[in-house]
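The values are calculated or read from the model by the stated rules, or taken from the named source; none is laboratory data. None of the values given here were measured: they were computed from a predicted structure. So basically every Cβ, Gly included, is an ideal-geometry build from the backbone, and we count neighbours across all protein chains shown. The accessibility values were calculated without ligands, DNA or RNA, using every heavy atom of the protein model including side chains. Shrake-Rupley method; radii C 1.70, N 1.55, O 1.52, S 1.80 Å.
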Amino acid sequence: MRRASTLASSVLSRTITSTLHDCSGLSTTSAPTINHRFLRAALFGTTTSTGSSNTRRVFNPLSTSLGVAGALVSVYTVASLSQEVLAKEPPPAELVPKEVVLYQYEACPFCNKVKAYLDYYDIPYKVVEVNPISKKEIKWSDYKKVPILLVDGEQLVDSSAIIDKLGNKIHGKEIVDSESDKDDDEEKKWRRWVDNHLVHVLSPNIYRNTSEALESFEYITNNGNFSFTERITVKYAGAAAMYFVSKNLKKKYNITDERAALYEAVETWVDALNGREFLDIFMLFLYDSGGSKPNLADLAVFGVLRPIRYLRSGRDMVEQTRIGYWYTRMENALGESSRMKA
């Protein structure tokens, strides 16, 4: 570990002056030759079904004798409704792409954001795991980052743009710019918040100390496309390097306490829900709404958090904040992945 730490210090000292982007939106300091590839491989995080809605009263305010019982029934009804989630929202069969292929890193939050969208809309897709060192799987593309999504042979890049353009295809709508300046659009506002803020608190948390850095790289190397030798090298040298890089990221994004920043970010999201099951549907007390559904902002938040959920940082996040209930709702809403078996 001492040798790995020495390597990391050397790498870091030579790489402060430039920035790299690999996983769409990913940003950290670069390093020369093969070492900067280890960092890019490792740094994960810095870079509508319609249904009837027949509302009805479940509590009769004119019945004083049944007031307490009515109130209890109301609470029970709301609790029951909280378990009701509309099924996935597959597009019309004629608009479903014939072939969808995702080029990705398994641990990349932006790749997971695209997968959350594909899973929720039940669009079958194949996955090609890219080796982050050689990148031989995307040699054919002029775009050297992930995710890359091939939709019936058309290349789509950058996670938010991929979702917008794919959405236009499967819903038969004209292209909408998700980076619009319309601040009154809640969904777009929170999608931008995911890309511009939430992702930046992830790396300082998953590489917070040496044990968490090793845990993170255990996940990255076990789920990534690495040779045996690369797996060992990336796990130890990469974990050491990213431990130091994460300290630089804290300064860059003015983070003093990693966990506090993560907790504050997810609590900000829960506050934005404002009592809703998902961002777009209000659960009205004493009314039967007939179900609720996530929107693109829900899918974006869920996607970037999914890679860390069962790491130490993600476990702490669920234990120390109110995010757990919403996260479970999202897992239930997405259900089984539409990823095709190899």
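Worth pointing out:
- Search result, residues across region 182-212 that are open to solvent by 40 Å² or more (accessible area, probe 1.4 Å), acidic (Asp, Glu) and assigned to a helix (DSSP H, G or I): GLU186, GLU187
- For region 213-247, a residue qualifies if it is open to solvent by less than 60 Å² (accessible area, probe 1.4 Å), farther than 20 Å from MET317 by Cα, under 23 Å from the mean Cα position of the chain (by Cα) and of a type in the set (S, T, N, Q), and the qualifying residues are THR221, ASN225.
- Residue tally, condition among the β-branched types (Val, Ile, Thr) and either in contact with a Phe, Trp or Tyr (Cβ under 6 Å, 6 or more places away or on another chain) or in a strand (DSSP E or B) (or both), over region 111-165: 9
- Residue list for region 141-159, restricted to those being crowded, with 22+ Cβ neighbours inside 10 Å and over 17 Å from ILE123 (Cα atoms): LYS145, VAL146
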